[in-house]
Structures are given as structure tokens and as C-alpha cells.
Amino acid sequence: MSSSDTPSEKPGQQNPEAEAEVTRRDFLNEIAAAALGVAGLGATVVTIKYLSPNVLFEPPTQFRAGSPDDFPVNSVTFIRDQEVYVVRTLAGFYAVSAVCTHLGCITQWKPEDDQIECPCHGSKFTREGTKIAGPAPRPLPHFALRLTADGQLLVDKLETVKETQVLKV
Ligand code: FES
């Protein structure tokens with residue numbers, strides 16, 4: 001091969017092929033570094049998750065339903081965010097779960113029929129929670145209801161009480 005076949009290299013001028021080779025190597029090094037970075041980040045996340053406690057954050061089971069004066073006598077009030085009915089009768093107050101005992105649908109108070117109805121499979125309950133019709137296996141449970149020191153109704157969904165228990169105010 002004669003010297004005229006190979007590209008002549010002058011001092012200070014780089015071979016374009018060598019430049020491409022370095023670029024390719026740099027690229028591969030960057031890919032490798034990125035892969036190591038992703039793997040390291042994944043390992044860090046898994047380690048932090050492993051070390052953090054497995055705590056289940058649930059909403060509080062007690063809530064203030066309001067002042068007794070907010071509830072007219074002979075009324076059924078649906079507390080939507082708590083899925084509870086607060087019922088006021090002449091005898092006093094009680095709180096009934098709005099969650100159907102069949103498959104857990106949220107029931108609806110139907111004042112025109114004076115009953116609580118489940119839209120899913122047609123279970124019906126009295127305002128006391130007693131089952132009238134449908135596939136629900138149990139009545140709607142009553143929750144503990146008491147007055148706070150500042151005169152508010154406090155419902156505790158963790159504590160069920162007998163249907164006959166009424167808060168006299
Ligand atoms: S969930 Fe209420 S009747 Fe089925």
C-alpha cells in the first residue's frame with residue numbers, strides 16, 4: 001500500500017475514524033453509567049421501602065356529627081362522608097350505618113317510603129336499620145353516640161351498640 005492510499009495526518013489534525021471510535025466509547029460508557037445509576041436508584045428505593053414501617057393509615061373512626069339542634073325531631077340525616085345516618089326521634093338520637101350488610105353498597109334514605117333502601121340488590125330497612133326485604137343477611141348496625149363536653153354529637157363507628165340504645169339529649 002502506498003502512502004497516497006491512506007489519509008494523511010498532519011500534526012494537530014485528528015483522524016475522523018479515531019474521533020468516531022472515542023465518541024462511540026463515550027456513548028457506551030454513558031449508557032453503562034446510566035444503567036448503574038438506575039439500578040442503584042432502584043436498590044435505594046427498595047431498601048428505604050423495606051426499612052420503613054408497614055403502617056396502614058385509616059380515617060378516624062370517631063367523628064362529630066354536629067349540634068343536636070341541627071337535627072329536627074323525627075328526622076333521618078345522611079352523613080355522606082362517614083356513611084352514617086343520624087336519626088332523631090322523640091326519644092332521642094341514634095346512629096345507623098349506611099353500609100348495606102349484603103355486599104357493602106351505600107344505602108339511601110327514602111323519606112317518601114320512610115325506609116332505607118339499597119340500590120344494588122334491593123334490600124330495604126326501617127329507619128331503625130331492621131331488615132324488611134332483600135338479600136341483606138343482617139340489620140344495619142347502630143354505632144355508639146355520645147355528647148362531647150362542648151355539646152356536640154360524637155359517633156364512634158368502631159363501637160356498635162344495641163338497637164334499643166338511644167341518646168337522650
Ligand atoms: S349490597 Fe345491598 S342488597 Fe346487595
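The values are calculated or read from the model by the stated rules, or taken from the named source; none is laboratory data. All of these numbers come straight from a predicted model, not from anything done at the bench. Ideal geometry is used to build each Cβ from the backbone, glycine not excepted, and the neighbour counts take in all protein chains shown.
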- Number of the exception - Tyr94 against (1) closer than 24 Å to Asp69 by Cβ; (2) within 15 Å of the ligand (Cβ to nearest atom); (3) of a type in the set (Ser, Thr, Tyr): (2)
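Across the stretch 106-119, which residue is nearest to Gly134 (Cα to Cα) among those that are crowded, with 16+ Cβ neighbours inside 10 Å and within 8 Å of the ligand (Cβ to nearest atom)?
Cys118
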- Is it the case that Ala18 is at pLDDT 95 or above and outside any loop (DSSP other than H, G, I, E, B)? no
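In this structure, is Val87 within 16 Å of the ligand (Cβ to nearest atom), under 18 Å from Arg146 (Cα atoms) and modelled with pLDDT of 95 or more?
Values: within 16 Å of the ligand (Cβ to nearest atom): no; under 18 Å from Arg146 (Cα atoms): yes; modelled with pLDDT of 95 or more: yes.
No, not satisfied.
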- Task: Return a yes/no flag: does the stretch 142-149 have any residue that is charged (D, E, K, R) and within 16 Å of the ligand (Cβ to nearest atom).
- Result: no
- Note on the structure: Reported set for the stretch 39-70 where residues are within 17 Å of the chain's Cα centre (by Cα) and among the charged types (D, E, K, R) is Glu58
- Query: When residues of the stretch 118-169 are filtered for being of a type in the set (A, V, I, L, M), over 18 Å from Leu90 (Cβ atoms), assigned to a loop (DSSP other than H, G, I, E, B) and touching a residue at least 24 places away in the same chain (Cβ under 8 Å), how many remain?
  - Reply: 2
- Of the residues that make up the stretch 73-83, is at least one away from the ligand (no atom under 16 Å from the Cβ), hydrophobic (A, V, I, L, M, F, W, C) and either more than 26 Å from the chain's Cα centre (by Cα) or at positive phi (or both)? yes
- Task: Scan the stretch 124-141 residue by residue and report those that are within 26 Å of the chain's Cα centre (by Cα) and near the ligand (Cβ under 10 Å from one of its atoms).
- Result: Ala136
